[in-house]
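Taken together, the values in this text are just the output of simple stated rules run on the coordinates, not laboratory data. All of these numbers come straight from a predicted model, not from anything done at the bench. Because the Cβ atoms are built from the backbone with ideal geometry, glycine has one as well, and the counts that use them run over all protein chains shown.
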Amino acid sequence: MKNRSYSQFGPGTRALHVDREMDPGSGVAPAIQQSVTHFAESGEEFSLKASEPLNDQFYARHGNPTASRLAKILADLEGAEAAMIMASGMGAIATTVLALVGQRDHVIGQTSHYIGTTNLLTQVLPKFGVEVTQVDQTDAEAFRRAIRPETKLIIVETPVNPTMRLTDLTAVAEIARQAGVLTLCDNTVATPLITRPIDIGIDLVAHSATKYIGGHHDLLAGAICGPKALLDRIWDMTMNLGAISAPFNAWLALRGIRTLGLRMGQHSRNGMAIAEYLSSHPKIARVNYPGLRCHPQHDLAQRQMNGFGGLLSYEVVGGYEGGRRFIQALQLPFNAGSLGGVDSLVIQPAAMWGGRLPDEVVQSQGVGPGLIRMAAGIEETADLLADLAQALDHI
Ligand SMILES: *Cc1c(COP(=O)(O)O)cnc(C)c1O
């Protein structure tokens, strides 16, 4: 089969085509390969396959052909040498971190992360003798100050929800390079359509493919993208931890990623329109969205982001009760956790996280009682704006 090049095409086109030579048994749509094990002609062939990283023709914990197609697209979109599809975003992040650090190593993370990553940094790594320093992501120099001789890894995430604070990836990549420290960026919220951390100098990119990559709230998957040499080390750890993707979930995500370009355009249009509408609304005290000029890091957002995405947060007047009434009056967005799918979702973090996080953390992360986190879906913009307007009347 001829090997075409797709590098001259845009990402929305490449997401449809870069994997098409990979599985000659497929039609125009990919086949789903559910077989857990594959047969070989000889024992020698087997032992070769067993030891080859990401071999998708041996046993399904090593890799599977359906996931390989998704990995090829994601690696291409992220500008990475290789990618591996995992069972979940946390499966990807935890496996990566455990593969790269050990006892007496030091890791630098942010004070705000996705809750699972925060738990990994504050609860899991200390159990294994790994020291962690968390720094304010909006202060790039804080990463430099935190570096020690034992520092092995810097973990960043931008934008981070619900505060929508950003990390300056160019600055962090440069600081890490000078110190010989690896960098890992959780690119779930931006997606490669908006930010390509590896182009900027970040070593590894992690995704919860459960979110925008899958895009339809119907699968759990993750991914790690980066240089082949690092992916081989992470693959070795996958052999022990087993957080590899299920073929059917990879197949659903493969279907989802075909429309990533289209969907991100509409998510960004809706995010921007909602942020602009709410920022002049009398019942809204504050809007956090990197696309607004009033965002404290708007300049960085313009440099680092191509469109500003569908995630935002805003503080309604009337505190906790105001937020509760607002959510109940909304007709279109579901009151549900998660983000990145076609349907708009809202949550009131104070209700979800208030019980789990200490008060000072809730406050330092900018989570006020009336804060609403909204993941704008791909509904028609005018319909979402009208729904927000009528719900705000209920406060
Ligand atoms: C959801 C999410 C994760 C975790 O992904 P799962 O697929 O749920 O394990 C990690 N990072 C970010 C930014 C997320 O939104």
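Charges on Cβ only, +1 for Lys and Arg, -1 for Asp and Glu, centred on the Cα centroid of the chain; of 54, 223, 13, which one is farthest towards the dipole's positive end?
After comparing all options, I get 13.
By how many degrees, 0 to 90 and rounded to 10, does the Cα axis of helix 260-279 deviate from the longest principal axis of the chain?
That works out to roughly 20 degrees.
Can you list residues whose amide H is under 5 Å from residue 372's amide H, if they're 5+ apart or on another chain and H is modeled 1.01 Å from N?
314, 315, 316
Given contacts defined as C-alpha pairs under 8 Å and at least six residues apart, what's the relative contact order of the chain, whole-number percent?
Result for the chain is 16 percent.
Taking only Cα atoms of the stretch 141-274, what ratio of Rg to Rh do you get with Rh as the Kirkwood inverse-distance radius?
Radius of gyration over Kirkwood radius for the stretch 141-274 works out to 1.00.
Among 26, 137, 245, pick out the residue whose Cα is farthest towards the positive end of the charge dipole of the stretch 11-257, where Lys and Arg carry +1 and Asp and Glu carry -1 on C-beta, about the Cα centre.
Positive-most Cα among the choices belongs to 137.
Packing-wise, with mean Cβ within 10 Å as the measure, how do 279-291, 166-178, 211-223 rank, highest first?
Packing proxy ranking, top to bottom: 211-223, 166-178, 279-291.
Taking H as built 1.01 Å from N, whose amide H comes closer than 5 Å to the amide H of residue 31, not counting residues under 5 places away?
For residue 31, the qualifying residues are 26.
Helix 381-392 versus the longest principal axis of the chain: what angle, 0 to 90°, nearest 10, using Cα atoms?
For helix 381-392, the angle is close to 50 degrees.
If we restrict to alpha carbons, what Rg and Dmax does the stretch 260-392 come to, in Å?
Using the Cα atoms of the stretch 260-392, the pair Rg, Dmax is 14.2, 40 Å.
Quick one: what are the phi-derived ³J(HN,Hα) couplings along the stretch 106-116, Karplus 6.51/-1.76/1.60 with θ = phi - 60°, whole Hz, x for glycine and proline?
Values, residue by residue: 10, 10, 10, x, 9, 5, 10, 8, 3, 4, x Hz.
Per DSSP helix of 4 or more residues, -39500 (n - 2.57); summed, then divided by the residues of the chain. What does that give at 222 nm, rounded to the nearest 500?
Details: 16 runs with 155 residues, N = 395.
That calculation yields -11500 deg cm²/dmol at 222 nm.
For the stretch 260-392, calculate the relative contact order in percent as a whole number, restricting contacts to Cα pairs under 8 Å that are 6 or more residues apart.
Reported relative contact order: 29 percent.
What share of the DSSP beta bridges in the chain is antiparallel, in percent to the nearest 5?
Among the beta bridges of the chain, antiparallel pairing accounts for roughly 55 percent.
Which value, in debye to the nearest 20, describes the size of the charge dipole of the chain about its Cα centre when Lys and Arg Cβ atoms bear +1, Asp and Glu Cβ atoms bear -1, and nothing else is charged?
It comes to approximately 160 debye.
Considering the convex hull of the alpha carbon atoms of the stretch 11-257, report its projected area averaged over all viewing directions, in nm², one decimal. Could you put the intermediate results ahead of the total?
Numbers: hull surface 53.0 nm².
Approximately 13.2 nm², given one-decimal rounding.
Per residue of the stretch 234-250, in order, report the coupling 6.51 cos²θ - 1.76 cosθ + 1.60 (Karplus, θ = phi - 60°) as ³J(HN,Hα) in whole Hz, putting x for Gly and Pro.
Working through the residues one at a time gives 5, 4, 4, 6, 4, 4, 8, 8, x, 8, 8, 6, 7, x, 5, 5, 4 Hz.
P(r) for the stretch 285-334: what percent of alpha-carbon pairs falls in each 10 Å bin, starting at zero?
Histogramming the stretch 285-334 at 10 Å steps yields 24, 39, 26, 11 percent.
Run down the aspartates and glutamates and flag those whose C-alpha is under 13 Å from the C-alpha of residue 72, throwing out any fewer than 8 positions away in its chain.
Correct list for residue 72: 19, 21, 23, 56, 81.
Quick one: which residues, 5 or more positions from residue 57 or on another chain, have an amide H under 5 Å from its amide H? H modelled 1.01 Å from N in the peptide plane, none for Pro or chain starts.
none
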